[in-house]
Each structure stands twice: as C-alpha cells, then as structure tokens.
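The values are calculated or read from the model by the stated rules, or taken from the named source; none is laboratory data. Keep in mind the model is a prediction, meaning the values are calculated, not measured. Note that each Cβ is placed from the backbone with ideal geometry, even for glycine, and that neighbours are counted across all protein chains shown. With ligands, DNA and RNA removed, areas are computed over all heavy atoms of the protein, side chains included. Shrake-Rupley method; radii C 1.70, N 1.55, O 1.52, S 1.80 Å.
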Amino acid sequence: MKDFAGKIVLVTGGATGLGAAIAVGAAQRGASAVIINCTKSLKEAEATAQAVKAAGAEALIVQGDVAEDADCRRIAAAAEKFGRIDALANNAGITRHVAHANMDGLSKDDFLALYAVNTVGPFQMVRACRPLLEASGRGAVLMTSSIAGVMGIGSSVAYAASKGALNTMTKSLARALAPRIRVNAICPGFIDTRWFTDKFGDEKTEMIRQNVIKSVPLQVASTPEDIAESALFFLSDASRHITGETLITDAGLHLGKSPG
C-alpha cells in the first residue's frame, strides 16, 4: 500500500514510540520525505531516520521544543525546501504522574508545562505549518490526544485536562482551516513503549502490560505500530472526507470490563 506516495510528512516527537512508528510507517507507504522532530532524543531520532531511509524516504531531523513558538517556526521551515507539507503529526507530549486525589501534588507550573507542550504546542505547530499545509492543497493534521482527555483518567488531572483541551481545539481548527486543511485526533489508551520499561523496569512493566490486557475488552496491549495505523489513516487521503473527528483508539478501555 503506497497511500503516502510522494508525500512530505512532519512528525513532532518522532524519535521514539508512536511518533517513530508514524514516521517509519509513512516512509513504508511511499512518503518522499519525513521530517522527524525531537527535543532531546537525538540518538533515537537518528535510529528512526535510518529506518525511514531504509524504507526509501528522505529523512530530516530537526531538534526543537514545540512549547516554543520560535522552535515551531524553525521546525516548519525545514520543509520549505520541499515547498509543502502534506501531513503533520502533532505527536509530541509530556505528562506528570500524580494521583488524581492528590490535589496538592500538582502546581500551577505543572499545569502550565503540560499545556505548553500538549495543547499550545500543537496550535503553534499548525500555525507555523499552515502556509505549507495549504500549499499541499490537501493538507492533513493529526493530533495525538489520549483517552484521558475523553474520560478524565490517566497519569494526572493536568494531563487529562491538557488532552481534553486538545480535543476541543481539534474541532475548532477543523472548522477554521477547512477546506484546505483537515484536522483530526486519535485518543489512545495504553501504548506499549519502552517508556514504561525505562521508568518502572521490566518486571513492573510486565505487570502493567498484563493488567491492561485483562482490563480492556479486546484483551491486547497496543503497540506503537498498532496505534500508528489509525494515525496514518487520518494523515492519508483515505480519510479525505473526514475532519474534526476525535477517534478513540484504546482497545475498548472506555467501555469498561466485560461483564463476562
């Protein structure tokens, strides 16, 4: 399937996890070039770039923090040599792990930091990329949101709130940028990435993984590649008549445990 044939794709937070899976997936589907943004993970970004090149696409790495407007404009400028951006994946995100009942565990600065990356960052990236997305004539934007933004669950109240705001912004931008740019979002639940192993170690990560499998109706622990399939659908022409959509991609977590 070459539904990205000749496309120019930009992925924020593209060094690891879901971002890397989107970047490599786009290349495997025929993208001409993939711009990989990272904040600090240069080594990982280079590995992703090699995978993109192996799939036949040009790869560019651009460091930058999406919370900073100047960085967003610099990231977008990397695509100017191509004359357009066909697909923008706003995937960069951060969190804080604080129990929801622990209201003293979150500060104003925590909220502002999460909103800066998770909500303001995607807005700034769309604004910076707008001329190049419009130059495509069929630009597509994908927001990586979270089931936390739908259900008010997740790693912290601040994280859930930032993703809920992102969901609302998806609809606002879909209206504002039509008809030349489409804007959609996916809301994953658990994604089985190395982040859990790095933070919790192998044993605890396996416990988390098994708990997820037992807790969701589809009885799976979604991989980055699993979720990337939905992301790539929204970034491709297959979804050309869809905008303003927020798709839950959580293996059924929002449905609760099966009564059986």
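Quick rundown of the values:
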item: Under 5 Å, built H, 5+ apart or other chain: amide partners of THR249; result: CYS187, GLY189
item: Long-range HN-HN contacts of GLY139 with modeled amide H, under 5 Å; result: ARG182
item: Size of electric dipole in the range 37-96: Cβ of Lys, Arg +1 and of Asp, Glu -1, about Cα centre, debye, nearest 20; result: 80
item: Karplus-derived 3J(HN,Hα), 6.51/-1.76/1.60, for each residue of the range 31-37, Hz, glycine and proline x; result: 4, 6, 8, 10, 9, 10, 9
item: Neighbourhood charge, 11 Å Cβ-Cβ cut-off, centred on ARG180 and excluding it, Lys, Arg +1 and Asp, Glu -1; result: +2
item: Segments 48-56, 215-223 sorted - mean Cβ within 10 Å per residue, highest first; result: 48-56, 215-223
item: Gain on full stretching of the segment that runs from ALA77 to MET1 - 0.36 nm per residue minus C-alpha separation; result: 24.4 nm
item: Along each principal axis, Cα extent of the range 1-46, largest first, Å; result: 31, 15, 14
item: Convex hull volume per residue in cubic angstrom - Cα atoms of the range 110-260; result: 122
item: Descending semi-axes in whole angstrom, ellipsoid equivalent of the chain, from the Cα gyration tensor; result: 28, 20, 19
item: Members of LYS43/LYS163; LYS40/LYS204; LYS171/LYS204; LYS40/LYS108 lying beyond 32 Å, as alpha-carbon distances in this model show; result: LYS171/LYS204
item: Dipole axis of the chain (+1 Lys, Arg; -1 Asp, Glu on Cβ), positive-most option in ASN102, TYR159, THR246; result: THR246
item: Solvent-accessible area of HIS97 with every protein chain in place, 1.4 Å probe, in Å² to the nearest 10; result: 100
item: Phi to ³J(HN,Hα) by Karplus 6.51 cos²θ - 1.76 cosθ + 1.60 over the range 164-172, Hz, x for Gly, Pro; result: x, 5, 4, 4, 5, 5, 4, 5, 4
item: Sum of side-chain charges, LYS2 neighbourhood, beta-carbon under 12 Å (Lys, Arg +1; Asp, Glu -1); result: 0
item: Between 0 and 90°, nearest 10: helix 17-28 axis offset from the chain longest Cα axis; result: 30
item: Cα-projected label distance for GLN50 with ASP237, points at 7 Å along beta-carbon direction, nm; result: 3.4
item: Among ALA21, ALA116, ALA77, residue whose mean-square fluctuation peaks in a GNM of the chain (springs only between Cα atoms under 10 Å); result: ALA77
item: Cα centroid separation - the range 125-164 against the range 1-42, whole Å; result: 17
item: Helix 224-235 vs. the chain, principal-axis angle (Cα, 0 to 90°, nearest 10); result: 50
item: Contour minus Cα-Cα distance for ARG138 and ALA70 (0.36 nm per residue); result: 21.9 nm
item: Convex hull (Cα only) mean projected area of the range 177-245, reported in nm² to one decimal; result: 5.8
item: Helix axis angle, 42-54 relative to the chain longest principal axis, alpha carbon, degrees; result: 60
item: Cβ-placed point charges (K, R +1; D, E -1), dipole of the chain about Cα centre in debye, nearest 20; result: 640
item: Relative intensity, log₁₀ I(q)/I(0), of the range 91-185 from a Debye sum that treats every alpha carbon as a point, q = 0.10, 0.14, 0.16 Å⁻¹; result: -0.29, -0.52, -0.64
